Amino acid sequence: ARVSCCGHTPDPFDTASSTASAVAMLPRWQPVAAPAAAAVIAAIHGSKVCGSARAGLRTAGSRAACQASTLQWRPTSCVPPRGGRSSSSTRPSAAAVVQAVELPCADEGTLSVGDALEGLRRLLTAAENSALSVEDVLAEPQAQSFLASVGAACKSFSPQDVRQVLVAFARVQHMPLQLWQQGLAEEVSRSLEELPDLHVVHVALLVASLDLDEPLDLLQDLAEQLEIRAHTLSPTGMAGALVALSQLGPWPSSSTAGLSVAEELLQRLDELSPRELSASALAAATLGIRAQTFWQRLHGALLARINELEPKHIADATLAVATNRLLPIFLLEAIQDRLPHVVGQMEPDEALTTVWALASLQIFPPKQLPRLLEQILPADVPASQLAFAPAEARQLRQVAMSLELEPSAAKASAEVSASLRSRLRAASESARLVCEPPSGDEAVAEEVCATLMEVAPLTVFSVGEIVKGLYSVDLALTVPPSADVDSAAARRGVVLDAASPEDAQAPRDPWVTLKLRHLSRLGWSIQWLPAQRWQTWDEEERIGFVRGLLPDTEQT
């Protein structure tokens with residue numbers, strides 16, 4: 001169980017003095033006991049950058065890709081059960097845990113507000129402190145019956161009660177869908193207008209932390225409230241709102257989510273802390289904000305305070321640049337100059353994010369790249385004792401492939417010692433077991449295939465072909481070698497992109513950027529296709545795209 005600095009678990013229902021901060025997925029927030037205003041600050045200051053969807057690209061594909069957790073330097077066989085309690089032989093059953101809580105019963109069909117809140121507090125505390133997963137405990141029939149009663153009682157909750165319930169579930173990082181769909185989500189929407197500005201920001205961070213992407217009406221209500229309140233928020237509140245919006249999507253390409261907040265934030269950049277500044281940059285890049293004036297001033301603010309940026313700020317700032325692809329030369333040079341001063345203090349996930357983002361930018365600093373890898377793969381810890389989340393293993397594999405395939409990485413690669421290279425190879429090989437998830441654009445992929453069969457019915461192709469145990473090519477064509485076809489380009493394919501808007505000139509996700517480069521180096525001729533672009537094309541444009549996939553001989 002998480003404990004506060006005082007050594008005890010904070011009470012999530014003590015509204016006078018204790019509000020656990022959001023525990024968001026991308027970035028992830030660390031829970032602390034704090035008043036509501038401080039909870040938003042803690043959410044920003046305690047965040048940890050996390051992976052491909054470290055950039056927060058909340059698409060169907062990238063959401064599945066981002067299951068990252070903090071890198072662990074403990075032997076996986078020695079990781080204690082949740083709560084640090086008993087072994088499996090003496091572990092209580094989920095039913096026993098719930099029964100011991102003595103949950104209140106609804107005598108006349110509806111729990112009182114006090115009984116509902118107190119019962120939730122006891123149930124979640126018991127689940128968190130048990131050696132079982134919270135999901136298993138809450139799935140018990142007795143717990144499910146109680147949660148149904150809580151859902152019915154939600155209509156009597158005050159706005160602050162609703163917020164505190166979100167706090168409690170964010171602390172255990174699980175929201176039962178039964179409760180969410182049968183009352184609580186509706187009450188969150190109802191409560192928003194009555195909550196103070198910072199509390200609305202806090203609620204948005206909590207919803208994002210629990211990865212609650214439905215109902216869509218709630219997400220739209222949250223976005224609307226944050227946009228309406230943008231001009232009255234403090235600079236910290238603006239930064240928190242921008243981060244929350246970046247986590248609550250995906251938003252339609254026509255959406256202006258975050259734009260009002262970003263415009264207000266632009267007037268208060270000098271009041272932001274380095275952490276708020278770098279987190280805002282990453283959030284704005286994630287949201288796809290493309291206003292040149294905004295980025296010129298934000299990049300300038302980061303450059304002016306470069307010597308104040310700590311390791312996590314450098315990781316966020318580098319990933320922001322890798323996501324927006326605007327390539328501010330002076331800021332990139334300053335980040336590289338700052339690296340020698342902070343790389344030795346980087347946590348493993350910060351170092352991984354930084355080296356991964358730099359690789360997507362084709363920047364391979366010869367002296368600092370090996371140091372970044374050492375932070376991720378320390379010599380005194382065997383590779384077998386490093387536990388990588390799937391998204392982290394895939395990113396590490398991308399870095400290793402860049403060192404192998406990219407001519408611009410030759411000098412940095414030469415600086416990597418044999419032992420470090422061996423550790424990198426061993427760690428990145430685990431990515432073969434966790435190939436990237438589907439892009440989430442099955443409908444678009446089916447339409448492309450149908451058009452191909454209509455245009456060239458004899459073409460041999462496959463769907464979702466795996467390359468090097470890492471990359472999935474959404475549509476792969478096999479072109480028979482001939483005198484008219486270069487054998488090096490005998491494989492052609494389509495990579496769909498669910499994150500980029502229809503008018504994008506390049507991918508917004510560093511993962512896709514590296515994927516396209518690596519596939520090209522491996523001999524593939526790849527067409528990158530934002531799914532939203534295909535959806536806006538008429539039939540003639542779609543046929544034209546598909547014909548472009550075929551060699552000249554087959555087109556005729």
When the chain is fully extended, how far beyond the present Cα-Cα distance does E447 get from E224, taking 0.36 nm per residue of separation?
76.9 nm
Whole-Å semi-axes of the range 147-293's equivalent ellipsoid, largest first, each the root of 5 times a Cα gyration tensor eigenvalue?
28, 15, 13
Name the residue farthest towards the positive end of the dipole of the range 229-372 from the options A317, L245, T256, assuming +1 on Cβ of Lys and Arg, -1 on Cβ of Asp and Glu, about the Cα centre.
T256
For S260, S472, the accessible-area ranking with a 1.4 Å probe, largest leading, is S260, S472
Amide H of D497: which non-local residues (sequence gap of 5 or more, or other chain) have their own amide H closer than 5 Å, using H built in the peptide plane?
L529, A531
Could you name the aspartates and glutamates in cross-link range of K155, using Cα to Cα under 17 Å and dropping any fewer than eight places away on the same chain?
E108, D115, E118, E186, E187, E193, E194
Where a ≥ b ≥ c are the square roots of the eigenvalues of the C-alpha gyration tensor, would you call the range 102-176 rounded, which needs a/c under 1.5, or, failing that, prolate if a/b is larger than b/c, or oblate?
oblate
Taking H placed 1.01 Å from N in the peptide plane, check which residues at least 5 places from A387 or on another chain put their amide H under 5 Å from its amide H.
Q72, R74
Mean accessible surface per residue for the range 303-414, computed with a 1.4 Å probe while every protein chain stays in place, in Å²:
35 Å²
Assuming 0.36 nm per residue, please report the length gained on full extension of the stretch H341 to D217 beyond their Cα-Cα distance.
40.0 nm
Cβ-derived FRET efficiency at R0 30 Å, T478 paired with E404, nearest 0.05:
0.75
For the range 294-314 and the range 151-200, what is the separation of their Cα centres, given in Å?
36 Å
Formal net charge of residues neighbouring S234 (Cβ-Cβ distance under 13 Å; K, R +1; D, E -1):
-2
What lysines does K411 reach when the alpha-carbon gap must be under 19 Å and sequence neighbours fewer than 8 apart in one chain are set aside?
K367
May I ask you to give the solvent-accessible area per residue for the range 233-274, in square angstrom, as obtained with a 1.4 angstrom probe?
35 Å²
Viscosity 0.890 mPa s, temperature 25 °C: give me the Stokes-Einstein translational D for the range 212-365 in µm²/s, with Rh taken as the Kirkwood radius over C-alpha pairs.
155 µm²/s
Listed by chain and number, the residues whose amide H is under 5 Å from that of S525, excluding neighbours fewer than 5 places away on the same chain and using placed H, are R491, R492, G493
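The values are calculated or read from the model by the stated rules, or taken from the named source; none is laboratory data. Computed from a predicted model, the values in this text were never measured in an experiment. Here the Cβ is made from the backbone with ideal geometry for all residues, glycine too, and neighbour counts use every protein chain on show. To get the accessible areas, we keep the full protein, side chains included, count just its heavy atoms, and leave off ligands, DNA and RNA. Shrake-Rupley method; radii C 1.70, N 1.55, O 1.52, S 1.80 Å.
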